[in-house]
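Throughout, read-outs are computed from the coordinates displayed, never taken from laboratory work. Computed from a prediction, not measured in an experiment: that's the story for all the values here. Cβ placement follows ideal geometry from the backbone for every residue including glycine, while neighbour counts extend to all protein chains displayed.
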Amino acid sequence: MHCRIFDESTMTESDCASRQRLRPWLIAQINSGHIPGLYWLNAEQTKFRIPWKHAGKQDWNPSYSQIFTVSIKNLIIAGS
């Protein structure tokens, strides 16, 4: 399978041999520290926190949805 992966930190695309699975991708995002509020809750790295705020709230801003934006970009590019 041919796919493209989008790297939000460098704003570049790259080829990959197969589509990346959600778990390794999410672990890589947590470990990268690039998404504010996404981090491990324990030393064993079995629990993590995802920033979440409903878009209908008055004080909502795009940073609250960054994990979802990054994941969708990767899915779209991987599927093309």
Cβ crowding within 10 Å averaged over residues, with 43-49, 31-37, 68-74 ranked highest first:
68-74, 31-37, 43-49
Return the long-range amide H neighbours of His34 (sequence gap of 5 or more, or a different chain), with a cut-off of under 5 Å between placed amide H atoms.
none
Amide H proximity to Phe48 below 5 Å, modelled H, separation 5+ or other chain, gives Leu41
